[in-house]
Amino acid sequence: MTPATRLIQPRGIHDQHHHQIQHRRHQRGWPGALTLVALALLATSLLGGPWISAALALESSGGMGGVQDLALVQERVDYTLTNQDGKDFSGQQLANSSFAGVTARDADFSGADLHGSILTQASFLRSDFSGADLSDALMDRADFSGTDLSGALLRGVIAAGSSFSDAVIDDADFSDALLDRSDQRVLCRRAQGTNPTTGVSTRLSLDCP
């Protein structure tokens, strides 16, 4: 059976879910060093320093395995705390990138690969994520109001405290997602269709009654 959406409690949520997604990514074969880079990217950027310094520190300590791996890290896109209103990211390869704290209202992410990306505390008001791959994304406390998530993959996302008000979720797959119970109930009211990639019913993925 398809893993159903996991419902979460409001208190102590961030640390608990952080450990859960790390455990889940380890099980799916994520390299530990790249996971550390993603976390270092977020922490360093929010503190105001250049994120690449974190990657350099990891490389110097042997955590990345040399210059070749460092080059891989440098290719990962960092949009932390920037304004991307109205920008076109459609179809782009943005896996493991950071959009933490971003303002990206009316932006186009349709068909983009955002697998494992960091979208924490960002605003995506009325943006288009139709057909996008958001699997395993960290998207807690983000605003997806009025967003088009039709046909999107949201398997295993962490979305505690996020808003999905008026979001379009036809054919989206939320399997194994971590959602607030209140969001799950609201999403179930308009859940319909089947994801074209996974063949999973949107209602089933949300564990709707």
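Which far-off residues, 5 or more places away or on another chain, put their amide H under 5 Å from the one on THR194, with H placed in the peptide plane?
Long-range HN contacts for THR194: ASP171, THR202.
Pick out, in residue order, every one of the chymotrypsin sites (Phe, Trp or Tyr not before Pro) in region 132-209 that is DSSP loop and has at most 16 other C-beta atoms within 10 Å; say none if there are none.
On the way: sites: PHE144, PHE164, PHE174; in loops: PHE144, PHE164, PHE174.
Answer in residue order: no site qualifies.
If you take every residue apart from THR120 with its C-beta less than 10 Å away from the C-beta of THR120, what net charge results, scoring Lys and Arg +1 and Asp and Glu -1? It would help to have the intermediate numbers written out before the result.
On the way: positive: ARG141; negative: ASP140.
Once all neighbours under 10 Å are counted, the net charge is 0.
How would you order 165-171, 190-196 from highest to lowest mean count of nearby Cβ atoms within 10 Å?
On the way: 165-171: 18.7, 190-196: 16.0.
Final packing ranking: 165-171, 190-196.
Take ARG141 and ARG203, extend 7 Å from each Cα along the Cα→Cβ direction, and tell me the distance between the two endpoints in nm.
3.5 nm
Please turn the phi angles of region 189-202 into ³J(HN,Hα) values with the Karplus equation 6.51 cos²θ - 1.76 cosθ + 1.60 (θ = phi - 60°), one per residue in order, whole Hz, x for glycine and proline.
Karplus values, whole Hz, x for Gly and Pro: 5, 10, 6, 7, x, 9, 5, x, 8, 9, x, 9, 5, 4.
Once you list every other residue whose beta carbon is under 12 Å from the beta carbon of THR147, what net charge do they have if Lys and Arg are +1 and Asp and Glu are -1? Provide the component values of the computation, followed by the final result.
Values: positive: ARG105, ARG126; negative: ASP106, ASP108, ASP128, ASP143, ASP148, ASP166.
Neighbour charge sum, excluding THR147 itself: -4.
Write down the Kirkwood hydrodynamic radius of region 84-209, to one decimal in angstroms, obtained as one divided by the mean of 1/r over all alpha carbon pairs.
On the way: mean 1/r = 0.0732 Å⁻¹.
Across region 84-209, the inverse of the average 1/r is 13.7 Å.
Let me check I have the definition right: for region 75-144, take the eigenvalues of the Cα gyration tensor, multiply each by 5, take square roots. What are those semi-axes in whole Å, largest first? Working shown, then result.
On the way: eigenvalues 42, 37, 26 Å².
Semi-axis lengths for region 75-144 are 14, 14, 11 Å.
Tell me, THR202, THR197 in order of fewest to most beta-carbon neighbours within 10 Å?
Values: THR202 26, THR197 14.
The fewest-first ordering by Cβ neighbours comes to THR197, THR202.
Values in this text are rule-based calculations from the coordinates and carry no lab data. Treat the numbers as computed from the prediction; the structure is a model and nothing was measured. Because the Cβ atoms are built from the backbone with ideal geometry, glycine has one as well, and the counts that use them run over all protein chains shown.
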